[in-house]
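Reviewing the structure listed below.
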Amino acid sequence: MLCPRQPRLSAMQSSMSHFNVRTLCLVATASLAALGLSGCLTTPGPTTPGDGRCNDTQLQWAIGKVNDEPTVRKLKQESGAGLLNPIGPATIVSRDHREDRLRVFVDANNVITAVRCE
């Protein structure tokens, strides 16, 4: 014989050996997944100067303007909002209130009809 004879494992030992390998594979997979997702947790989001609270008192100039990128940037900057939501005519919105959110309501022609902190 070229290879030494392996001792014969009982059914319980074989089952335990299979369990240990399977457990090791599951732990390794979970560890790799957690390591991959940890990059998502440490990536900083966009920053807003100030405390991020929305103030819409000086934004009424935007009503009647086309909802384009320069207008939206100016609205976001002037409002101090951390989050800006464009709301189209068919968009369903929640009734929750967030101090950091500016909602820009537009009509079917992409013209701004209202600007509100909600």
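So which residues in the stretch 92-118 are outside any loop (DSSP other than H, G, I, E, B), out of contact with any Pro (no Cβ under 8 Å at 6 or more places or on another chain) and within 18 Å of PRO70 (Cβ to Cβ), if there are any at all?
Within the stretch 92-118, LEU102, VAL111, ILE112, VAL115 meet the criteria.
Residue by residue through the stretch 60-91, note down the ones that are in a helix (DSSP H, G or I) and among the hydrophobic types (A, V, I, L, M, F, W, C).
Pass one, the stretch 60-91, residues in a helix (DSSP H, G or I): 60-62, 69-79.
Of everything in the stretch 60-91, those that are in a helix (DSSP H, G or I) and among the hydrophobic types (A, V, I, L, M, F, W, C) turn out to be TRP61, ALA62, VAL72, LEU75.
Would you mind stating whether VAL66 is modelled with pLDDT under 95, closer than 23 Å to THR113 by Cβ and not small (Gly, Ala, Ser)? Reasoning before the result, please.
On the way: modelled with pLDDT under 95: no; closer than 23 Å to THR113 by Cβ: yes; not small (Gly, Ala, Ser): yes.
The answer is no for VAL66.
Can you find a residue that is open to solvent by 60 Å² or more (accessible area, probe 1.4 Å), among the hydrophobic types (A, V, I, L, M, F, W, C) and either in contact with a Leu (Cβ under 6 Å, 6 or more places away or on another chain) or at pLDDT below 95 (or both) anywhere in the stretch 109-118?
No - not one qualifying residue is present in the stretch 109-118.
Can you name every residue in the stretch 53-72 that is surrounded by 12 or more Cβ atoms within 10 Å (Cβ to Cβ) and among the small types (Gly, Ala, Ser)?
Residue satisfying the conditions is ALA62 alone.
Let me spell it out: the conditions are (1) of a type in the set (A, V, I, L, M); (2) touching a Phe, Trp or Tyr at 6+ places or on another chain (Cβ under 9 Å); (3) buried (at least 18 other Cβ atoms within 10 Å of the Cβ), and LEU75 meets all of them except one. Which number is the exception?
Result: LEU75 fails condition (2) only.
The values are calculated or read from the model by the stated rules, or taken from the named source; none is laboratory data. On a predicted model such as this, the values are computed, not experimentally measured, just so you know. Cβ atoms come from the backbone with ideal geometry, glycine included; neighbour counts cover every protein chain shown. Ligands, DNA and RNA are excluded from the accessible area calculation, which covers all protein heavy atoms including side chains. Shrake-Rupley method; radii C 1.70, N 1.55, O 1.52, S 1.80 Å.
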